[in-house]
Each structure stands twice: as structure tokens, then as C-alpha cells.
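Q: First the structure, then my questions, so here it is.
The values are calculated or read from the model by the stated rules, or taken from the named source; none is laboratory data. All values reported here derive from a predicted model rather than from experimental measurement. As a convention, Cβ positions derive from the backbone with ideal geometry for all residues, glycine included, and neighbour counts pool all protein chains shown. Areas reflect the complete protein model, heavy atoms only, side chains present, ligands, DNA and RNA absent. Shrake-Rupley method; radii C 1.70, N 1.55, O 1.52, S 1.80 Å.
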Amino acid sequence: MTTDKPPAVNSDPLISTGHDSLDAHSAIPKAGHLPAAQIRQMLQQRWGDALLERLHAIGRIAANLGTPAYLVGGSVRDLLQNHPTPDVDLAIEGDVRAVAGACSAELSGVQCTYHPQFGTAILQYPDGFQLDLARCRIEHYPAPAALPEVQPGDIQADLIRRDFTINAMAISLDPENFGDFLDPYGGSEDLQHNLLRVLHPLSFLDDPTRILRGLRFAVRFQLQLETDTRGLLEEALAQDVFARLSGARLWRELKYLLELTDLPAALEKLGAWQLWTLLRPAPLELEALLARIRRGQQEIKWFHCHFSGEKLLGAAVLLTILWRDVPWAEAEKRLHYWPLAEGRHILNDLHRLSEMPVALAKASRPSVVARLWESLSLPGMLALWAEYPETDAITESGRYYLLKQRGLTSPLNGKDLQAMGLAPGPQLGKVLRRLHDARLDGAIKDKETARQWLIRQGILPAIQP
Ligand code: CTP
């Protein structure tokens with residue numbers, strides 16, 4: 001089953017090429033109408049018998065309830081391209097709760113979690129695999145960049161509400177026509193021609209986040225903006241569409257962007273799409289900036305490799321790198337709107353980073369070096385290393401701090417010092433800090449050497465036991 005709805009932007013007719021057999025080596029099948037048999041073969045060859053059987057089972061259960069089920073969105077796109085799909089998304093024309101409940105009752109070991117506020121459900125299989133179910137819906141945008149109003153709809157409505165043709169395809173799971181391919185806007189053909197195309201002229205105005213989603217898809221799948229879509233992007237930017245978007249929604253998309261492995265390519269595209277201003281003024285020396293970004297990514301990897309349990313917001317490292325050569329106010333202006341807990345630290349680091357290399361070079365003792373590193377946040381530290389080669393003394397000193405110095409503590413704590421007769425108060429704090437420095441400098445290593453050191457410093461009387 002396919003529909004004949006004319007695409008609003010894509011005026012090309014869907015082409016049936018007649019090349020229906022699936023070539024296991026060519027990821028994207030020939031464009032146009034894909035017969036159900038070919039889709040079934042693709043599901044079986046690319047996703048395997050076990051998942052295929054699960055889809056059949058859900059299709060049967062949904063059909064018994066009179067609520068057809070479809071594979072939709074990114075899952076279909078990924079299937080056609082033979083890319084691993086992070087989530088398998090199903091759209092249900094009807095009551096999601098009923099379908100999910102019946103699946104968990106009828107399928108051995110399957111558990112369902114229903115989220116009434118979103119009308120979605122998750123099916124969890126005993127082997128850890130999960131499927132996401134959502135109700136087919138109509139979306140209406142009450143104002144540009146506002147969140148959509150949602151009401152139940154059929155699969156056709158659910159496809160037209162979507163962002164790009166490549167995400168507006170579905171596969172029927174109904175037992176009567178399992179594998180029927182719905183591609184009303186020519187998504188498979190666009191995939192084949194590496195084109196990113198919106199479904200209607202208001203798409204970017206309705207939801208400006210789609211511009212950044214599109215950029216991510218363009219980088220991930222090496223797509224070009226289709227000509228009309230490029231025009232719509234330019235129009236949306238001329239209308240300053242991002243100004244209407246909340247800081248939280250904008251930051252969410254930018255964070256996804258910064259997390260891309262292929263961030264350098266994404267930043268190049270950001271420039272090509274005239275979007276630099278979302279992050280910073282356009283760089284004069286792009287190549288140098290991209291080299292620092294690559295180094296930053298390398299350092300983030302290094303950190304996760306050595307401190308796997310420790311939290312680090314990689315996006316904060318990359319933002320710090322991106323903002324190093326722009327006026328501080330440019331960063332401050334953006335962080336004012338973005339809900340980024342690390343924002344205060346980033347601004348502090350941006351102040352401190354310039355003086356770090358000279359201060360480190362002048363540092364005479366390990367404790368001084370450690371205190372300097374301590375004055376930066378983790379992201380700030382890694383951002384500084386990204387300005388130097390991996391073998392540079394600055395990177396080595398920073399890594400040494402994290403690996404060796406950061407965990408060193410004074411062998412004596414406040415209680416120990418009080419037991420030795422020192423009075424509580426600010427003076428005690430100073431002594432503890434000096435002990436910590438002495439430990440960093442290798443002057444003490446345990447309680448006994450610390451006690452002797454305190455005596456040598458005149459802090460404890462020599463007769464102390
Ligand atoms: N969608 C949309 N507009 C948005 C966000 C999402 O139209 N602003 C639609 C798209 O059709 C998308 C689907 O909702 O396919 C699911 O969104 P999401 O899970 O974010 O994307 P996927 O396409 O599944 O891609 P990914 O592989 O990145 O998860």
C-alpha cells in the first residue's frame with residue numbers, strides 16, 4: 001500500500017524503477033515503490049528472524065484489536081540504508097495502551113511500561129531488546145516555534161507531521177499486508193539521491209529545531225539540502241526563527257550536535273548553512289579551530305578511558321574550545337539562555353585559561369602546579385590541553401595532575417591535628433593545606449613523616465609523642 005499524496009515541496013513523481021530484488025551489498029534499495037516482498041526480505045536479511053518474528057507478533061496482536069501497527073520514522077530510514085538503528089519505533093493507529101497490554105499478556109516474558117502523559121509505551125523483551133510504541137497523531141503548531149498541539153490521527157497524518165521525507169516512511173505490520181511500504185513523500189528516493197527535503201514550506205518555521213536535526217542527519221548520512229529546502233532554510237533564518245525558540249530547546253539540539261563524533265564536519269556545515277551565530281561568531285581561522293576541536297575530542301576520549309566512572313560533560317569541553325578566541329561576552333550572552341549547569345565554570349575557565357601557560361611555566365613546585373590545575377574545572381583543563389599537542393609539557397602536566405596528584409590527600413586530617421593539641425579554627429585549616437602541599441611536593445608520605453614535618457615546621461613541639 002502506498003498513497004498518492006503529492007509532496008508539498010517535492011514535486012517529483014515517485015518513480016518505480018522495476019529493480020525489485022534486494023542486493024545485499026547495496027545498502028539503499030532502488031528508489032520508488034518497494035514491494036512488500038522486498039521489504040520483508042530486507043527485514044529478514046538485515047534485522048534477522050528473531051526481530052522479524054517479534055514484528056509479526058505485534059502486527060497480529062494489534063490487528064486483533066483493530067488498531068493497525070506500523071514501523072515508522074528513523075527505523076525505516078535506517079533499515080533502507082542498512083544502518084544500525086538505535087531505536088525501533090512503532091506507530092499504532094489506535095489505543096497504544098491496549099496494544100502494549102495485550103503484547104505483555106500474550107508474549108512470553110515481555111513487559112510493558114505505559115506513559116499516559118505521552119500516550120507512548122515501551123515493550124521490554126527478556127533479552128534486553130526494546131520496542132517503542134506511539135499513537136499515530138496529527139500535530140498542529142499554534143505559533144511558530146511553539147510546541148505542537150497533538151490529537152490522534154491515522155498513519156497518513158502521522159507521516160505528514162514529520163520533519164523530512166527520509167523520516168516520513170512506514171512499513172505495515174498488519175498480517176494481511178505485512179511489509180507494505182508507505183512512502184508518500186519519496187523518502188526512499190531522496191535517500192538514494194542523498195537529499196534532505198522537508199515535507200512542507202512551513203516546516204522550519206513551525207519547528208526551528210528541525211534545522212539542527214537536519215544538519216545532524218546531513219552529516220550522519222552525507223545528505224545535501226534539496227534546493228527548495230535550502231530556500232526555506234534561508235527564509236527561516238531571514239525571519240530570525242531561532243530567536244523564537246526557547247534556550248532549553250536550542251541547547252538540547254546544540255548539545256546533540258556537539259556530541260557528534262563527526263563534529264568537525266558538522267561545524268563546517270554549520271558555516272555552510274549560515275548558522276555559526278548560534279554558537280559563536282564565524283571563525284576567521286576555521287582549520288585551526290577544527291584542529292583544536294579534534295584534539296578536544298581526543299582528550300575527552302582519553303579522560304573516559306582513564307576515569308570511566310567519572311562524569312564529564314564533553315559538550316562543556318568543546319564549548320570552551322569554541323569560545324577561547326571570542327570575546328567573553330559572546331559566551332556569556334549564550335549561556336544566559338541555555339540551561340547549562342556547567343555555564344558558570346565555563347565562564348570562570350575562559351577568564352583563567354589565558355594566564356595558565358605562563359603560570360605553569362613559572363611554577364616552582366609540584367604543589368603550585370597542582371593548585372593551578374585545581375583552579376580550572378575538568379572541561380576547562382581538557383580544553384587547555386586541546387591547544388597543544390598530546391606530547392606537549394602542558395598536556396603531560398595536566399594528565400599527571402589528574403592521574404597522580406588529584407587523589408593525594410594529607411595523611412593527617414583535622415581530627416588528628418586536634419588530637420595532637422591544635423585548636424580548631426582557621427589556623428587549623430591553613431595547617432591542613434600546608435600538609436596537603438607537603439604531600440604533593442613529596443616532603444611527607446604517611447602519618448609519621450607528617451608528624452615529623454609538623455615538628456620541623458615548629459607547628460608541633462618536638463616532645464610530641
Ligand atoms: N520528528 C519531527 N520533528 C522533530 C522531532 C522528531 O518530525 N522536531 C519526527 C521525525 O520524523 C523522526 C521521529 O519524529 O523520525 C522520531 O524522532 P527521533 O527519535 O528524534 O529521530 P529519529 O528519526 O528516530 O532519528 P535518530 O536515529 O537520531 O533517533
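Q: Could you check how many residues of the range 266-309 are touching a Phe, Trp or Tyr at 6+ places or on another chain (Cβ under 8 Å), of a type in the set (D, E, K, R) and outside any helix (DSSP H, G or I)?
A: Residues that pass the stated criteria total 1.
Q: Further question on the same structure: If a residue has to be under 25 Å from the mean Cα position of the chain (by Cα) and of a type in the set (S, T, Y) to count, how many in the range 224-245 make the cut?
A: The qualifying residues number 1.
Q: Please list, ordered by residue number, the helices (runs of 4 or more DSSP H) wholly in the range 23-133 having 3 or more residues that are among the polar types (S, T, N, Q) and closer than 21 Å to E176 by Cβ.
A: Details: elements: 36-47, 49-64, 74-81, 96-106.
Filter on the range 23-133 gives 36-47.
Q: Same structure again: Pick out, from the range 147-233, the helices (runs of 4 or more DSSP H) lying fully within it that include 1 or more residues that are open to solvent by 10 Å² or more (accessible area, probe 1.4 Å), within 15 Å of the ligand (Cβ to nearest atom) and at pLDDT 95 or above. Give the steps one after another, and end with the answer.
A: On the way: elements: 155-160, 187-192, 203-206, 209-221.
Qualifying helices (runs of 4 or more DSSP H): 155-160, 203-206, 209-221.
Q: I need the full set of residues from the range 420-452 which are among the small types (G, A, S) and assigned to a helix (DSSP H, G or I), in order please. Give the derivation first.
A: The initial filter retains those residues of the range 420-452 that are among the small types (G, A, S), namely 421, 423, 425, 429, 438, 442-443, 450.
If the condition is that a residue be among the small types (G, A, S) and assigned to a helix (DSSP H, G or I), then G429, A438, A450 are the ones that fit.
Q: Let me ask you something else. Of all residues in the range 71-118, count the ones that are in contact (Cβ under 8 Å) with a residue 24 or more places away in the chain and within 16 Å of the ligand (Cβ to nearest atom). Reasoning before the result, please.
A: First, the residues of the range 71-118 that are in contact (Cβ under 8 Å) with a residue 24 or more places away in the chain: 71-74, 76-77, 79-83, 87-100, 102-103, 106-107.
After this cut, where a residue has to be within 16 Å of the ligand (Cβ to nearest atom) as well, the list is 71-74, 76-77, 79-83, 87-92, 96.
So the count comes out to 18.
Q: In the range 409-445, what residues are surrounded by 13 or more Cβ atoms within 10 Å (Cβ to Cβ) and hydrophobic (A, V, I, L, M, F, W, C)?
A: L412, L417, M420, L422, L428, V431, L432, L435, A438, L440, A443, I444
Q: Testing E285 on (1) out of contact with any helix residue (DSSP H, G or I) (no Cβ under 9 Å at 6 or more places or on another chain); (2) not assigned by TED's automatic domain parsing to the domain that holds G296, one condition comes back false. Which one is that?
A: Only one criterion in (1) out of contact with any helix residue (DSSP H, G or I) (no Cβ under 9 Å at 6 or more places or on another chain); (2) not assigned by TED's automatic domain parsing to the domain that holds G296 is unmet by E285, namely (2).
Q: Report every pair of residues separated by at least 6 positions or lying on different chains whose Cβ atoms are under 9 Å apart, first residue within the range 326-355 and polar (S, T, N, Q), second at pLDDT 95 or above and in a helix (DSSP H, G or I).
A: Pairs found: N348/G380.
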